Amino acid sequence: LNELQRRFGPRGLQVLGFPCNQFGHQENATNEEILRSLEHVRPGNGYKPNFPVFEKCEVNGKDAHPLFTFLKEALPFPHDDPSALMTNPQYIIWSPVRRNDISWNFEKFLIAPDGVPFKRYSRHFETIKIQDDIELLLQKVPKEALQ
């Protein structure tokens, strides 16, 4: 994600990170601990995101953040894995469960410059490969809009 922000940020891309603890309790830390964990543990080696990382939020169920409710309604499943579902139902800790739920950490959404959700990617989609879609969308942005 840092590489995408570095490469395309000057042209208008803004990466946003939203930690979530709904998938195997993988973000079982406070918001402050999450950033320290990124730096020192996973991925470690002094990693610091060069994009905003928001407070931990829920993305599924009755307490889902409104942004994710909107995104899931606009893009009901990842384009690269239309049958994506959580593989082990014991990990489902939210209610109600819906077909368009995010199935695990690191699903990604690409939003067009006009605010319209463009594409949803599964956790298996290699993040750097989103660059082709980013390039496609940024070609439509007038240069004067970036000044």
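Structure notes:
- For region 100-107, backbone phi angles converted through the Karplus equation (6.51, -1.76, 1.60; θ = phi - 60°) give residue-by-residue couplings of 8, 4, 5, 8, 5, 4, 6, 5 Hz, Gly and Pro being listed as x.
- Cα-based Rg of region 24-108 normalised by 2.2 N^0.38 Å, two decimals: 1.21
- The three principal axes of the C-alpha atoms in region 62-128 carry coordinate ranges of 37, 26, 16 Å, sorted with the longest axis first.
- Relative to the 2.2 N^0.38 Å rule of thumb, region 1-43 has a C-alpha radius of gyration ratio of 1.40.
- Taking Cβ atoms as reference points and 15 Å as the exclusive limit, the residues near I93 contribute a net charge of -1, counting Lys and Arg as +1 and Asp and Glu as -1.
- Point-to-point label distance, T69-E126, nm (Cα→Cβ direction, 7 Å offset): 3.7 nm
- Links that overshoot a 31 Å alpha carbon limit, given the list K72/K140; K56/K140; K62/K143; K48/K129: K56/K140; K62/K143
- GluC sites (Glu not before Pro) lying in DSSP loop within region 71-147, provided at most 15 other Cβ fall within 10 Å: E126
- Charges were assigned to the Cβ only: +1 to each Lys and Arg, -1 to each Asp and Glu. The resulting dipole of the chain about its Cα centre is roughly 160 debye.
- Exposure proxy order (Cβ contacts within 10 Å, fewest to most) of V41, V116, V59, V53: V116, V41, V53, V59
- The residues H124, H65, when put in order of fewest to most other Cβ atoms within 10 Å, stand as H124, H65.
- Structure-based [θ]222 nm, the chain - -39500 (n - 2.57) summed over DSSP H runs of at least 4, per residue, nearest 500: -6500 deg cm²/dmol
- Residues whose placed amide H lies under 5 Å from that of I111, excluding near-sequence neighbours: F118
- Among R42, R98, sorting on how many other beta-carbon atoms sit within 10 Å of each Cβ, with the fewest leading, yields R42, R98.
- Globularity ratio of the chain, using Cα Rg and 2.2 N^0.38 Å: 1.08
Rule-based calculations on the coordinates, nothing more; no lab input. In this text, all values refer to a predicted model and were calculated from it rather than measured experimentally. Because the Cβ atoms are built from the backbone with ideal geometry, glycine has one as well, and the counts that use them run over all protein chains shown.
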